[in-house]
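Step one of this worksheet: look at the structure below.
The values are calculated or read from the model by the stated rules, or taken from the named source; none is laboratory data. If you're wondering where the values come from, they're calculated on a predicted model, not measured in any experiment. Cβ placement follows ideal geometry from the backbone for every residue including glycine, while neighbour counts extend to all protein chains displayed. The protein model used for the area step is the full one, side chains on, heavy atoms only, and it has no ligands, DNA or RNA in it. Shrake-Rupley method; radii C 1.70, N 1.55, O 1.52, S 1.80 Å.
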Amino acid sequence: MKSHKNTYAWIGIIGVIIASFVLLWPLGKSGFFITDDGDWMIIRLSAFYQSLVGGQFPVRFLGRLNHNYGYPVANFLYPGFLYVGSFIRLFGFTYVDVVKIILVLSVVGSGSFLYVTLKKKYDTLSSFGGAVSYILSPYVVFDLFKRGSVGEIFAFLPASVLFFGILGDITWIIPIATALLIVSHNSLALLFLCVSFVFASLSTRRWVYFRGMVIGVGMSTFFWLPALYERRYVLFDSVSISDPYAYFMTLLNWQLLGVGAVASFLVLVSRAHKFTVFEKCAAVITLVSVIFSLSLSRIIWQWVPMLASFIQFPFRLLSVVSFVGAFSVSSLLQELTKKNRVALVFALFCVLFYTTVRYQQSIYYVDRTEGYYSTNEGTTTVKNEFMPRWVQTLQTTRANQKVEVLSGDAVFTSIKETSQRIDGLLEVEAKSTIQINTIYYPGWGVTLNGVLIPVEYDNPYGLMHLTVPKGSYKFEASFRETGFRLITDVVSLIFGIIYLTGMIRSRLRL
């Protein structure tokens with residue numbers, strides 16, 4: 001009997017992979033499809049990889065971006081897929097192929113983990129129906145092929161692993177999943193951590209799960225704490241990136257709700273007494289997310305403007321609807337007779353297959369050279385919102401040279417540069433003012449003959465200036481961790497050690 005159950009389980013996994021292929025087959029074409037953010041994500045990956053292999057870790061400042069004047073976007077926006085992508089890049093894949101691989105792994109991985117999580121509560125067919133309702137949900141299709149949000153698609157993977165850890169009582173995986181979720185996408189991390197907290201609260205082992213999540217938060221401190229603390233340095237809070245109230249669900253895009261929302265409604269109004277507390281809770285979370293994605297919740301968003309600024313797009317809550325709604329789909333299917341269950345799952349797959357393929361027919365491709373992505377110097381953000389506040393005038397072209405003499409009499413020789421380091425020899429015949437054509441951001445420092453010297457950046461472009469007296473110098477400018485960031489790195493390391501120590505101790509008890 002057990003072998004039959006295992007066989008059915010593997011059939012379900014194969015079905016999930018087939019459903020994923022229905023969604024992902026356009027990735028097999030040459031080039032990349034035109035989306036809102038897709039090209040920018042590939043460009044950011046290429047700049048991130050160049051900084052990483054250049055010796056910067058953790059990566060925070062992408063020196064190639066902003067017309068080669070640098071941009072600290074990696075300090076603030078979800079570097080998870082960038083680290084994973086950089087690792088994949090080491091195997092020789094193009095940047096476009098790296099992003100495609102990430103998308104494939106994310107969809108197949110999240111769908112598979114969701115399926116095995118559902119299998120903890122439901123039979124193979126019901127679990128498969130729930131997983132398919134997520135994989136081929138209209139919002140996931142929209143997120144992938146219209147928005148090109150690599151970070152959001154990638155975030156579904158650690159979210160599914162976290163749910164698997166909590167609902168499957170696999171405690172060792174919870175810290176890793178939590179940490180990876182936090183670095184995968186800022187907004188989705190907040191949403192799915194809240195959902196995970198609620199799910200964990202329903203278990204008698206809630207404190208074990210809470211502890212695992214806390215350790216995961218600690219392991220990711222190197223990212224989220226500097227991102228919060230250093231917002232004071234950049235324009236983010238003073239720039240309106242988008243009008244959140246223009247991105248509610250409307251009658252024109254109601255289909256993005258998907259079957260998960262409908263199933264959740266049915267769970268609560270149709271024979272609700274038959275469902276468990278967990279199933280009712282999942283349905284409530286799904287429907288609350290639907291409400292917050294509709295314009296009728298505008299007054300609530302206005303009460304909490306910081307939340308609106310952080311989430312940016314109210315329809316982003318449909319990520320929760322698509323994922324958590326899968327539990328309601330499986331719940332309803334489980335209540336049916338086997339014959340009706342087979343018929344409904346088949347009908348569900350056919351409908352989602354049709355809507356997915358129909359949407360894919362509107363995809364347009366562009367086949368760019370590798371150089372387009374590896375040399376593009378845009379900021380990769382909508383409103384340059386992570387530009388330092390002291391930059392008053394934006395550059396429109398790159399400088400002819402990385403360092404130049406503004407006044408005085410000085411000559412540079414043997415200049416070498418990477419995205420976060422510039423060094424060479426400097427011969428100064430008379431007191432001179434030197435300009436480094438990189439915007440200043442905390443972490444940059446300059447030494448002459450090994451001695452740290454003051455750097456000024458109170459100029460319209462926020463570029464680094466230094467005054468150098470007569471003499472011969474070995475010049476070095478480099479970007480390193482500040483004292484505060486170093487502390488957060490150590491905190492992450494400590495929590496990592498706590499996690500590994502706990503793992504070793506638990507294995508020794510076995």
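Among the criteria (1) within 23 Å of Phe142 (Cα to Cα); (2) part of a helix (DSSP H, G or I), the one Thr381 does not fulfil is (2). Could you please find all residues in segment 225-259 being more than 27 Å from Tyr134 (Cα to Cα), not in a helix (DSSP H, G or I) and not small (Gly, Ala, Ser)? Correct list: Val234, Leu235, Val239, Ile241, Asp243.
Within segment 409-429, residues that are surrounded by 13 or more Cβ atoms within 10 Å (Cβ to Cβ) reach partners that are in a strand (DSSP E or B) and acidic (Asp, Glu) with beta carbons closer than 6 Å, at six or more positions or on different chains, in the pairs Asp423/Glu476. Out of all the residues in segment 300-311, is one or more at pLDDT below 85, open to solvent by less than 60 Å² (accessible area, probe 1.4 Å) and under 19 Å from Ser126 (Cβ atoms)? No: segment 300-311 contains no residue that is at pLDDT below 85, open to solvent by less than 60 Å² (accessible area, probe 1.4 Å) and under 19 Å from Ser126 (Cβ atoms). Out of Ser184, Ser201, I need the residue that is surrounded by 24 or more Cβ atoms within 10 Å (Cβ to Cβ) and of a type in the set (Gly, Ala, Ser). Which one? Matching residue, one of Ser184, Ser201: Ser184.
Restricting segment 73-102 to residues that are aromatic (Phe, Trp, Tyr) and farther than 18 Å from Ala155 by Cβ, the residue that is most open to solvent (accessible area, probe 1.4 Å) is Phe91.
Assess whether Phe199 counts as being more than 22 Å from Ser309 (Cα to Cα) and either more than 17 Å from the chain's Cα centre (by Cα) or not in a helix (DSSP H, G or I) (or both). Yes; evaluated as a whole, the condition is true for this residue. Among residues of segment 293-337 being of a type outside the set (Val, Ile, Thr) and not in a helix (DSSP H, G or I), the one that is farthest from Leu191 (Cα to Cα) is Leu336. All of Leu157, Leu105, Leu162 fail the test of being in contact with a Ser or Thr (Cβ under 6 Å, 6 or more places away or on another chain), open to solvent by 20 Å² or more (accessible area, probe 1.4 Å) and free of Cβ contacts under 8 Å to residues at least 60 places away in the same chain, apart from Leu157. Counting the residues of segment 312-350 that are farther than 16 Å from Val140 by Cα and touching a Pro at 6+ places or on another chain (Cβ under 7 Å) gives 1. The residues on offer are Leu257, Leu344, Leu332, and the sole one that is modelled with pLDDT of 90 or more and surrounded by 18 or more Cβ atoms within 10 Å (Cβ to Cβ) is Leu332.
Got at least one residue in segment 355-364 being in contact with a Gly (Cβ under 9 Å, 6 or more places away or on another chain) and touching a residue at least 24 places away in the same chain (Cβ under 8 Å)? Within segment 355-364, none of the residues are in contact with a Gly (Cβ under 9 Å, 6 or more places away or on another chain) and touching a residue at least 24 places away in the same chain (Cβ under 8 Å). Taken together, the criteria place Tyr8 among residues that are modelled with pLDDT under 95, part of a helix (DSSP H, G or I) and touching a Ser or Thr at 6+ places or on another chain (Cβ under 7 Å). Apart from one condition, Gly325 fits all of (1) touching a helix residue (DSSP H, G or I) at 6+ places or on another chain (Cβ under 8 Å); (2) modelled with pLDDT under 95; the exception is (2). Within segment 15-70, the set of residues being modelled with pLDDT of 95 or more, among the aliphatic types (A, V, I, L, M) and in a loop (DSSP other than H, G, I, E, B) comprises Val59 only. Considering the conditions (1) of a type in the set (A, V, I, L, M, F, W, C); (2) out of contact with any Pro (no Cβ under 8 Å at 6 or more places or on another chain); (3) more than 18 Å from Gly151 (Cβ to Cβ), Leu256 is excluded by exactly one of them, (2). Scanning segment 266-281 for residues that are surrounded by 15 or more Cβ atoms within 10 Å (Cβ to Cβ) and either outside any helix (DSSP H, G or I) or free of Cβ contacts under 8 Å to residues at least 60 places away in the same chain (or both) yields Leu268, Phe275, Glu279, Lys280. Specify which of the listed residues (Gln360, Gln334) is closer than 25 Å to Glu279 by Cβ and in contact with a Phe, Trp or Tyr (Cβ under 7 Å, 6 or more places away or on another chain). Only one candidate qualifies: Gln334. Checked against (1) part of a helix (DSSP H, G or I); (2) of a type outside the set (Asp, Glu); (3) open to solvent by 20 Å² or more (accessible area, probe 1.4 Å), Ala263 passes all but a single condition, namely (3). Hey, can you tell me all the residues within segment 123-146 that are charged (D, E, K, R), open to solvent by 10 Å² or more (accessible area, probe 1.4 Å) and closer than 14 Å to Gln360 by Cα? Within segment 123-146, Lys146 is the sole residue that qualifies. Scanning segment 174-231 for residues that are in contact (Cβ under 8 Å) with a residue 40 or more places away in the chain and either among the polar types (S, T, N, Q) or touching a Lys or Arg at 6+ places or on another chain (Cβ under 6 Å) (or both) yields Thr178, Ser184, Asn186, Ser187, Ser220, Thr221, Pro226.
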